[in-house]
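Input: a single structure, listed below in structure tokens.
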Amino acid sequence: MAQSNYQDSSSEDLGNGTPLFRFSDVEFTLIREADLDINCVFLLEAIARNIGFSPPNNRILDRWKQTLTRKQFLTREGTVSTKGAALLAQLGAAVPGISTYRPTADLFKVWWNSYPPTATFTHKGVTFTSTQVKRIKEKLCREHWNEILLEGEYTAEQIIQGTVNHIAMAMEESVKEKKNRVHFIFNSERYIRERCFAPYIESQESKESNSTIDI
């Protein structure tokens, strides 16, 4: 890594609007939720980009590596893990072979907030009660979310669409059958882990339209 020449930097240069760090509020939120500091993220990206450098204190570098390994952002062989690549992709780092995606933090929150917190709900004036908790393990749900997007299985929009359609369909069936169908939907962690949204990505109206045969 090239050494900066601080003598060449004037106050005018520093005030030209160019940020010294590329992290925004979203990125800082991601780093905090990953329970890392900027030093560890810097090292993670350096390893992903095959950038070699010699810090003044190797013990500090070893400590950063140990933290990344313990939290499974690095494999025990010292390479970037799937979890680490997902974090870098979210932060917008250009990791070779990894497709980046920027808005996942916000869209994950859209999905998370759309998932019913419990199986208690009111639909068309009918109230169904339940003590069952539905929205659980946000951090683990985010990891499943990242994995799905990283592997290119579904888009964030498809995950949200399928989930919303499924919940809406269950509420509608509950009123018709006078039985709480939301109660039988898995909790949020199992739901996204098992990709339960997949059959509901298309709206019911689209399915009915596609099944119609013109004569």
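We did not get these values from a lab; they are worked out from the coordinates using the rules stated. Remember, predicted model here, so these are calculated numbers, not experimental data. As a convention, Cβ positions derive from the backbone with ideal geometry for all residues, glycine included, and neighbour counts pool all protein chains shown.
The figures follow:
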item	result
Amide H contacts under 5 Å for L74, placed H, 5+ residues apart	T69, S81
Cβ-based exposure ranking for R135, R70, R195, in which fewest neighbours within 10 Å come first	R70, R195, R135
Spin-label model distance (nm) - E138 vs E172, 7 Å beyond Cα toward Cβ	3.1 nm
Residue exposure sequence - S81, S130 - by fewest surrounding Cβ within 10 Å	S130, S81
Partner lysines for K134 [C-alpha distance under 19 Å; skip if fewer than 8 residues away on the same chain]	K109, K179
Order of H123, H166 under a 10 Å beta carbon neighbour criterion, fewest first	H123, H166
Per-pair calculated FRET efficiency, R0 = 35 Å: I60 and T131 via Cβ, rounded to 0.05	0.10
Computed label-point distance, nm, for sites R49 and N113 using a 7 Å Cα→Cβ extension	3.3 nm
